[in-house]
Amino acid sequence: MENFDTFTLKSDGRKVVVSTSYVSPLGNIMKISKQLANSNYQGEVLFDLLLSNGFAPNRFLTMFFDGKKLQVNTRKIITDISDEVLAELYGFYNEHPQWIDQSSLLDVHKDILKKNLLTIG
């Protein structure tokens, strides 16, 4: 089992990489690049490290994908995430409670995510 999953945001078409456990997916840049290349994607990739970093300021980062590999030198931590993107991300996590259980989140945060109690806006 990989420690990441990818999907496309409906709100803006970007690819997202999410952690699927407490282990950060950043150690799998080559595998992630291969998966993105197989999907014929090129552009900004959003990383949501919620399950490995929690609700910390370094939860979100972006990297540019050139169609072949992630450009690590373009990595930047971001804090301004739209409500639409957050709603999609929380919905995605809510559909995968097994990943929430494997995270480093506090039990109270796990319960909030699994019960979809986070309000956006």
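For every helix of n ≥ 4 consecutive DSSP H residues, a contribution of -39,500 (n - 2.57) applies; sum these over the chain, divide by its total residues, and give [θ] at 222 nm rounded to the nearest 500 deg cm²/dmol.
Numbers: 5 runs with 39 residues, N = 121.
-8500 deg cm²/dmol, from helical runs alone.
Sequence-ordered 3J(HN,Hα) estimates for region 97-108 from the Karplus curve with 6.51, -1.76 and 1.60 and θ = phi - 60° stand at x, 5, 6, 4, 5, 8, 8, 9, 5, 5, 4, 5 Hz, glycine and proline given as x.
Using the alpha-carbon centroid of each, what span in Å lies between region 2-18 and region 48-84? After rounding, the separation between the Cα centres reads 11 Å.
Can you give me the convex hull volume of the Cα atoms of the chain, divided per residue and expressed in Å³?
Numbers: hull volume 11.9 nm³, N = 121.
It comes to 99 Å³ per residue, whole-number rounded.
Accessible surface for His109 stands near 60 Å², nearest 10, in the context of the full protein assembly shown (1.4 Å probe). Of Ile100, Ile81, Ile32, the residue with the greatest mean-square motion in the GNM of the chain, using alpha carbon springs below 10 Å, is Ile81.
Expressed as a rounded percentage, what relative contact order does the chain have, with Cα pairs under 8 Å and six or more residues apart?
Values: 204 pairs, mean separation 27.6, N = 121.
Contact order relative to length: 23 percent.
Which lysines, if any, have their Cα less than 24 Å from the Cα of Lys114, not counting same-chain residues under 8 positions apart? Of all the lysines, those that pass the test against Lys114 - Cα under 24 Å, at least 8 places apart if same chain - are Lys10, Lys15.
Taking 22 Å as R0, compute the FRET efficiency from the Cβ-Cβ separation of Phe55 and Lys31 and round it to 0.05.
Details: r = 26 Å, r/R0 = 1.18.
Computed FRET efficiency for Phe55 and Lys31 comes out at 0.25.
Once all protein chains are placed together, Ser24 keeps about 40 Å² accessible to a 1.4 angstrom probe.
Between Lys68 and Thr8, 0.36 nm times their residue separation minus their Cα-Cα distance comes to what?
Details: separation 60, 0.36 × 60 = 21.60 nm, distance 1.73 nm.
Contour length minus the Cα-Cα distance gives 19.9 nm.
Might you tell me the accessible area per residue for the chain, computed with a 1.4 Å probe and given in Å²?
I get 55 Å² per residue for the chain.
Taking all protein chains as they are arranged and a probe of 1.4 Å, the heavy atoms of Leu118 leave approximately 60 Å² accessible to solvent.
The values are calculated or read from the model by the stated rules, or taken from the named source; none is laboratory data. Since the structure is predicted, the reported quantities are computational estimates derived from the model, not experimental observations. Here Cβ is always computed from backbone atoms with ideal geometry, including for glycine, and neighbour counts include all displayed protein chains. Keep in mind that these areas ignore ligands, DNA and RNA; they rest on the heavy atoms of the full protein, side chains included. Shrake-Rupley method; radii C 1.70, N 1.55, O 1.52, S 1.80 Å.
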